[in-house]
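Sharing a structure with you now.
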Amino acid sequence: MRERSAIVLDAGKEYLAESRLAPVARGLGLSTLGELVSRLRSEPRGSLSSRVVEAMTTNETSFFRDLNPFDALRTTILPQLIQARAKERTLNLWCAASSSGQEPYTIAMVLREHFPQLLEWRVRFIATDISTEMLRRCREGIYSQLEINRGLPARYLVKYFEKRGTEWQIHKPLRDMVEFVELNLAGHWPALPQCDVVFIRNVLIYFNLETKRDIVGRVRKLLRPDGCMFLGGAETTLNVDEGFRREAADKTFVYRLAR
Amino acid sequence: MRALVVDDSRAMRLILKQILRELQFEVFEAAHGLEALERLKQTGCVDLALVDWNMPEMKGIDLVTEVRKLSDYSAMKIMMVTTETEMEQVQRALSAGADEYVMKPFTKDVILEKLGVLGLSAP
């Protein structure tokens, strides 16, 4: 890693390598990271090493990453859903591959900040990740100074965090909004509710086409008819699953069930 | 777009200036709050001011307070860039009229993402 990307992994950063590289290993049909390391040693200059470097460097996360999806959620998607669900007053959201939690907590802040009426609704907000270490971090909701510097508006820092030593912890009411569950996207999924909104961003890129099709197909079956799916900027359902159509929402796109 | 970088460290001004220039900002500099006020009289309102907290002559927090009294600069976005990392200081800066807050040390991405938050992405 140091030779190819100038990134140095100190002791104690094992969880980082695990969470970033597990999808790469699975995409190649390897069952353990050990097998991935063996494969890397046998071809240190091949395309695999590029994928490993890419996974270690570009799969990083930050609060309000890419901004536009969260603007679209606030200005378009949630107002539509709140109107459509006004009678039943239930909403189910799923944030897949939630990594260290910045994405689900960003969504939680958007919900709390702009849609206080949802406090009276039955909102189920599930965030999943394959890594137990990442899920532990998510539940704890503690972030370093560098992490809270990244993309988090200062007024949200003041409103939704408290300082603990040199780190910052998300307030408990916000932590309590999110259910963190272990889930391997490429494996068996635990029971999930029918969803109104699914965030599954910047993770499909790590899977081969067959696995992508399987995952996107399963998301399609989970989505409610007027629900929507958010993908990463470099991801699409085109040539993966024809059951989706792309629709403009604010300054980005969401994916809805094709009629 | 035009920006003013206010920091008593020449090295820090250089780092911030380089990041902003890559984003096509025209960049002005000042080494403390009083100099910043003088510079603003010459430049008029700029789009963005990056302001350190601890400086001689006039501190960043006092500069923010002064500038926010002047209607000529009400459109200027102000981002504190400082080693002050306590919650009270973030609150104080926002109350004084700062729009954003970055804690040192930072990376280039931190600045870019905060500019996005302020609606000041690369022109």
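The values are calculated or read from the model by the stated rules, or taken from the named source; none is laboratory data. Remember, it's a predicted structure, so these values are computed and weren't measured experimentally. Counting neighbours? That spans all protein chains shown, and the Cβs are built from the backbone with ideal geometry, glycine included.
When you check residue B:4 against the structure, is it touching a residue at least 12 places away in the same chain (Cβ under 8 Å), touching a Phe, Trp or Tyr at 6+ places or on another chain (Cβ under 9 Å), of a type outside the set (Lys, Arg) and part of a helix (DSSP H, G or I), yes or no?
Numbers: touching a residue at least 12 places away in the same chain (Cβ under 8 Å): yes; touching a Phe, Trp or Tyr at 6+ places or on another chain (Cβ under 9 Å): yes; of a type outside the set (Lys, Arg): yes; part of a helix (DSSP H, G or I): no.
Against the criterion (touching a residue at least 12 places away in the same chain (Cβ under 8 Å), touching a Phe, Trp or Tyr at 6+ places or on another chain (Cβ under 9 Å), of a type outside the set (Lys, Arg) and part of a helix (DSSP H, G or I)), residue B:4 does not qualify.
If you check residue A:205 against the conditions, is it under 30 Å from residue A:119 (Cα atoms) and of a type in the set (A, V, I, L, M, F, W, C)? It would help to see each step written out before you state the result.
Values: under 30 Å from residue A:119 (Cα atoms): no; of a type in the set (A, V, I, L, M, F, W, C): yes.
When the stated conditions are applied, residue A:205 does not pass them.
So, one more: Consider only pairs whose beta carbons are under 8 Å apart and that are at least six residues apart or on different chains; among these, list those whose first residue lies in the range B:44-58 and is within 15 Å of residue B:96 (Cα to Cα) and whose second residue is surrounded by fewer than 18 Cβ atoms within 10 Å (Cβ to Cβ) and of a type in the set (S, T, N, Q).
B:52/B:9; B:53/B:83; B:53/B:89
Select from the range A:26-49 the residues that are in a helix (DSSP H, G or I) and either loosely packed, with under 10 Cβ neighbours inside 10 Å or at pLDDT 85 or above (or both) and list them in ascending order. Let's see the steps before the verdict.
Within the range A:26-49, the subset in a helix (DSSP H, G or I) is A:26-27, A:33-42, A:47-49.
Scanning the range A:26-49 gives A:33, A:34, A:35, A:36, A:37, A:38, A:39, A:40, A:41, A:42, A:47.
Could we say that residue A:72 is modelled with pLDDT of 95 or more and buried (at least 20 other Cβ atoms within 10 Å of the Cβ) here? So that I can check it myself, show each step before the final result.
Numbers: modelled with pLDDT of 95 or more: yes; buried (at least 20 other Cβ atoms within 10 Å of the Cβ): yes.
Against the criterion (modelled with pLDDT of 95 or more and buried (at least 20 other Cβ atoms within 10 Å of the Cβ)), residue A:72 qualifies.
Something else: Which residue, of A:223, A:204, is over 17 Å from residue A:26 (Cβ atoms) and either charged (D, E, K, R) or in contact (Cβ under 8 Å) with a residue 24 or more places away in the chain (or both)?
A:223
Sticking with this structure for a sec: Return the total of residues in the range A:169-189 being part of a loop (DSSP other than H, G, I, E, B) and polar (S, T, N, Q). Spell out how you get there, then give the answer.
Step one: filter the range A:169-189 for residues part of a loop (DSSP other than H, G, I, E, B), giving A:171, A:176-177, A:183-189.
In the following step, the residues that additionally are polar (S, T, N, Q) were identified as A:184.
Total meeting the criteria: 1.
Any residue at all in the range B:74-88 that's within 11 Å of chain A (Cβ to nearest Cβ), surrounded by fewer than 21 Cβ atoms within 10 Å (Cβ to Cβ) and in contact with an Asp or Glu (Cβ under 8 Å, 6 or more places away or on another chain)?
Within the range B:74-88, one or more residues are within 11 Å of chain A (Cβ to nearest Cβ), surrounded by fewer than 21 Cβ atoms within 10 Å (Cβ to Cβ) and in contact with an Asp or Glu (Cβ under 8 Å, 6 or more places away or on another chain).
Okay, next question. Which condition does residue B:21 not pass, out of (1) more than 14 Å from chain A (Cβ to nearest Cβ); (2) of a type in the set (Lys, Arg); (3) surrounded by 22 or more Cβ atoms within 10 Å (Cβ to Cβ), if it passes all the others?
Status for residue B:21: all satisfied but (3).
Hey, can you tell me all the residues within the range A:170-184 that are exposed (fewer than 13 other Cβ atoms within 10 Å of the Cβ) and over 17 Å from the mean Cα position of the chain (by Cα)?
Keep residues of the range A:170-184 that are exposed (fewer than 13 other Cβ atoms within 10 Å of the Cβ), which gives A:172-173, A:176, A:182.
Across the range A:170-184, the qualifying residues are A:172, A:173, A:176.
Within the range A:227-237, does at least one residue satisfy the condition of being in contact (Cβ under 8 Å) with a residue 60 or more places away in the chain, within 21 Å of residue A:104 (Cα to Cα), surrounded by 13 or more Cβ atoms within 10 Å (Cβ to Cβ) and charged (D, E, K, R)?
So far as the range A:227-237 goes, no, none of its residues is in contact (Cβ under 8 Å) with a residue 60 or more places away in the chain, within 21 Å of residue A:104 (Cα to Cα), surrounded by 13 or more Cβ atoms within 10 Å (Cβ to Cβ) and charged (D, E, K, R).
Related question: For the condition more than 14 Å from every other protein chain (Cβ to nearest Cβ), over 17 Å from residue A:178 (Cβ atoms) and within 15 Å of the chain's Cα centre (by Cα), what is the one hit in A:108, A:72, A:55? Please lay out each step first, then the result.
On the way: A:108 fails: over 17 Å from residue A:178 (Cβ atoms); A:72 fails: within 15 Å of the chain's Cα centre (by Cα).
That would be A:55, the only listed residue that is more than 14 Å from every other protein chain (Cβ to nearest Cβ), over 17 Å from residue A:178 (Cβ atoms) and within 15 Å of the chain's Cα centre (by Cα).
Name the single residue, out of those in the range A:116-167 being facing another protein chain (nearest Cβ under 10 Å), of a type in the set (A, V, I, L, M) and touching a residue at least 12 places away in the same chain (Cβ under 8 Å), that is farthest from residue A:74 (Cα to Cα).
Only one residue fits best here, namely A:148.
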